[in-house]
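The values are calculated or read from the model by the stated rules, or taken from the named source; none is laboratory data. Note that the coordinates shown come from a computational prediction; the quantities given were computed from them, not determined experimentally. Glycine gets a Cβ as well: all are built from the backbone with ideal geometry, and neighbour counts include every protein chain shown. Please note that ligands, DNA and RNA were not included when accessible areas were found on the heavy atoms of the full protein model with its side chains. Shrake-Rupley method; radii C 1.70, N 1.55, O 1.52, S 1.80 Å.
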Amino acid sequence: MAAILESVKQKALPAAAAQYETPEVQLLVGLCKQLQAQAGDKPFFLAAGTINELFGLDGDRMRTWRWLRLLVLDGVLVEVEKGDRHHASSVRYVGGD
């Protein structure tokens, strides 16, 4: 996962990332786009804890959960199956290029 994030950092972010002021949220949009590219037509799993680890956010899962929820509400992600405290949600990136 860390290698995927590093590859995202080397690319231009998708246009959908421009609507967010927070650099971490912009990077998260890019990460989601890359994960979807790797998953093909299938949804991918993404947990708040994984994002915290990747971004070095010291376990603030609520903040990260809010970021993911925001991406769903804004139509960047579609939640396919809702997760819980112990299982990641499955999502699809639909934010475009």
Legend entry - Label-to-label distance, nm, for residues given as Val72 and Gln19 (7 Å Cα→Cβ offset): 1.6 nm
Legend entry - Per residue value of the accessible surface for the chain (all protein chains in place, 1.4 Å probe), Å²: 61 Å²
Legend entry - Within the stretch 31-89, trypsin sites (Lys or Arg not before Pro) in DSSP loop having at most 13 other beta-carbon neighbours inside 10 Å: Lys82, Arg85
Inset, instruction - Kindly provide the helix-only [θ] at 222 nm of the chain, computed as the sum of -39,500 (n - 2.57) over DSSP H runs of four or more divided by all residues, to the nearest 500 deg cm²/dmol? - result: -14500 deg cm²/dmol
Legend entry - In nm, spacing of pseudo-spin labels at Asp84 and Met1 (7 Å Cα→C-beta vector): 2.0 nm
Inset, instruction - Pop out the carbon and sulfur fraction of the accessible area of the chain as a percent, whole number, probe 1.4 Å. - result: 51 percent
